[in-house]
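Take a look at the structure set out below.
The values are calculated or read from the model by the stated rules, or taken from the named source; none is laboratory data. Note that the structure is a prediction, hence the values are computed from the model and not measured. Cβ placement follows ideal geometry from the backbone for every residue including glycine, while neighbour counts extend to all protein chains displayed. These area figures cover heavy atoms from the full protein model, side chains too; ligands, DNA and RNA do not enter into them. Shrake-Rupley method; radii C 1.70, N 1.55, O 1.52, S 1.80 Å.
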Amino acid sequence: MPEKPRSRPLSASRQRRHSSRRASFSGNLTPPEMITNSEELVPESTVYYGGLDLRSTEEKLRSLEKEMELRKDDSTPEEHLQALVLIQLYTSLEYGEASLENARAYLNLGKFYFEQRNLLPQAKVHILNARQILEQMKILPKNDHLVQNLLAYEIYFLLIKYSLQARQYSSQRDIKTKNKHILSIDTTHIDHDLNRIEEYLEKLQPLMSSSDYDEKYREFLLIKFDVIISNTKEFNADISEIIKSILAILDKYPSEEQIRQKIDIYLRSGFYFISFERNITEGLKYYKEAVELAEEQEQHAPCDVNKYQLGNALFQWGRARIRADKLTDNTERKLTRAIDIYRQVNGENDKNVLRVIDELATFYTKMEKFQEALNILCESLPDRRKLYSEFSDEFIQTESRIGAIYLRECEYLNAAEHFKECLELQEFVYGSKDPRTCQTRDALEILKKDPTVSRTFFSRTQDGIRQDRPAFRYSNKVSHDKEDHDLLFTVTKKPPIGSKNSSFIDK
């Protein structure tokens with residue numbers, strides 16, 4: 001009988017371990033390998049001993065900053081974010097949590113989250129950390145501290161910018177499910193921070209060159225302008241002086257980009273002024289200034305960008321006149337000219353043209369020119385299906401709008417066709433319980449009670465199945481018991497033809 005082996009054969013990995021153990025007992029001990037990285041990104045004094053990075057925190061920090069500068073255009077967003085996080089960590093270790101360097105690191109993190117990732121809550125958190133450091137260090141505006149004043153200015157400026165973004169997001173009505181983290185952002189400190197920025201600007205003026213200070217002052221005026229026009233509930237009397245100051249700085253450094261900014265300022269100023277009934281005339285003047293400046297720019301340098309700019313200015317001026325009930329032929333000409341200018345660029349209807357068509361239809365509806373409104377809306381349906389798809393809000397709203405105008409004109413058959421198409425799309429996109437779907441369904445129920453509409457439209461065949469004419473509804477439900485049938489024959493007044501009980505009377 002063969003003897004059993006005393007031990008199982010060694011596997012390859014166990015053999016390697018045994019050989020390494022035997023080698024360790026021999027006298028040939030080699031010192032740990034010392035690796036010196038002589039690359040350009042790492043200093044010459046950098047030493048890795050046994051796989052450990054023995055550089056100081058300051059050396060790691062300088063190496064990261066140099067690497068970010070060299071790989072500024074090649075690094076991915078994930079690599080850039082990782083480097084920023086490490087820089088903030090090393091900065092807090094090297095200079096302390098309450099330091100201007102750490103505040104700058106938090107500032108850079110906040111900028112990255114907003115500009116690269118569009119993550120407003122995360123950006124606001126990092127900027128708040130930077131402001132907290134300023135408060136811990138009791139940083140105040142001083143005449144002889146350029147770096148300190150400039151850092152504090154940037155921190156408060158971004159605080160206002162991100163808070164204003166959160167306020168504008170919360171006021172949007174076309175978003176069904178809103179981000180609860182953005183809604184929770186505090187926006188009550190905006191006025192306080194504006195005053196604080198103004199104090200820092202006063203201290204920065206003698207410490208900076210004229211052009212650099214004008215750039216910072218222009219940023220301050222623009223953010224203050226944005227804060228004012230975001231509140232259309234109460235008119236701010238300072239808006240006129242702010243507009244003049246912005247235009248004066250823009251005129252100081254003329255360029256094509258500055259002209260576009262001036263046109264944008266005119267348009268936004270006009271929108272703010274016409275929101276208040278007493279300032280409608282002044283608001284329309286701003287729109288006129290924007291259109292004249294856009295026409296001058298288009299004549300000076302014709303191009304597609306300037307054409308779009310002129311078309312947008314004409315569109316917004318026409319829309320403002322409709323909003324202010326300035327329903328004249330001049331308003332119609334502005335909108336039709338905007339359509340012609342947009343079509344000159346692409347040669348066909350694009351989304352900008354459809355936007356102007358919607359406003360022109362509103363003008364025709366207010367002027368009770370319903371046939372003109374129907375013509376342009378019906379002609380735009382194929383383009384809306386092509387550009388947006390038939391399941392988009394734009395296409396569904398146009399179908400509903402056409403049906404409403406047909407109903408207003410008592411063309412019930414055409415109204416029923418568009419409402420039925422609209423209802424099918426709304427039930428698929430919004431759901432059967434959405435208020436818009438319920439409103440369309442109620443309109444169809446009214447149209448079904450018209451005998452002509454029922455016979456010619458709702459009784460048509462669809463997919464080989466004949467749809468019966470819907471029964472009329474009654475407030476009192478009639479029983480089908482035999483006693484009630486006998487009682488029904490004694491009624492002198494017959495029920496309407498086509499009801500549930502008409503078959504009993506014909507017997």
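Spin-label pair Met367-Arg278: with each label point 7 Å from Cα along the Cα-Cβ axis, the two points sit 3.3 nm from one another.
With a probe of 1.4 Å, find how much accessible area the stretch 410-451 has per residue, and write the answer as a whole number in Å². Mind dumping the intermediate values first?
On the way: 2320 Å² over 42 residues.
Normalised by residue count, the accessible surface of the stretch 410-451 is 55 Å².
A P(r) calculated from all alpha carbon pairs of the stretch 108-175, with 5 Å bins opening at zero, reads 3, 16, 24, 20, 16, 10, 6, 3, 1, 0 percent.
Rounded, prolate or oblate for the stretch 280-414? Axes are the square roots of the Cα gyration tensor eigenvalues, ordered a ≥ b ≥ c, and the cut-off for rounded is a/c under 1.5.
Judged from the Cα gyration tensor, the stretch 280-414 comes out oblate (a/c at least 1.5, b/c at or above a/b).
The base-10 log of I(q)/I(0) for the stretch 351-411, evaluated at q = 0.15, 0.23 Å⁻¹, reads -0.40, -0.90 [Debye formula, identical scatterers on Cα atoms, solvent excluded]. The Stokes-Einstein estimate for the stretch 55-134, based on a Kirkwood radius over Cα pairs and taken at 10 °C with 1.306 mPa s viscosity, is a diffusion coefficient of 124 µm²/s.
For the stretch 181-226, with equal point scatterers placed on the C-alpha atoms only and solvent neglected, what are the log10 I(q)/I(0) values from the Debye formula at q = 0.14, 0.25, 0.32 1/Å, to two decimals? Log10 I(q)/I(0), no solvent term: -0.42, -0.91, -1.15.
Can you figure out the FRET efficiency of Ser389 with Val345, using R₀ = 25 Å and their beta-carbon distance, to the nearest 0.05?
0.65
When the Cα positions of His418, Asn375, Thr452 are compared along the charge dipole of the stretch 321-462, Asn375 comes out farthest toward the positive end, with charges on each C-beta of Lys, Arg, Asp and Glu. Shape annotation for the stretch 197-274: C-alpha extents along the principal axes are 40, 31, 15 Å, from largest to smallest.
With a cut-off of 8 Å between alpha carbons and a minimum separation of six or more residues, what is the relative contact order of the stretch 360-411 in percent? The partial results should precede the final answer.
Numbers: 28 pairs, mean separation 14.9, N = 52.
With pairs under 8 Å counted, the relative contact order is 29 percent.
If only the Cβ of Lys and Arg carry +1 and only the Cβ of Asp and Glu carry -1, the dipole of the stretch 369-413 around its Cα centre is close to 40 debye.
Accessible surface calculations at 1.4 Å, restricted to protein heavy atoms, place the stretch 69-153 at 56 Å² per residue. Placing pseudo-labels 7 Å out from each Cα toward the beta carbon at Glu78 and Leu194 gives an inter-label distance of 4.3 nm.
Using the Cβ of Ser99 as centre and a radius below 15 Å, the other residues enclosed give a net charge of -2, where K and R count +1 and D and E count -1.
Taking every protein chain into account, the accessible area of the stretch 197-356 amounts to 51 square angstrom per residue (probe 1.4 Å).
Of the cross-linked pairs Lys111/Lys216; Lys244/Lys288; Lys233/Lys369; Lys111/Lys351; Lys244/Lys334; Lys224/Lys351, which ones have a Cα-Cα span greater than 22 Å in the structure shown? With Cα atoms farther than 22 Å apart: Lys233/Lys369; Lys111/Lys351; Lys244/Lys334; Lys224/Lys351.
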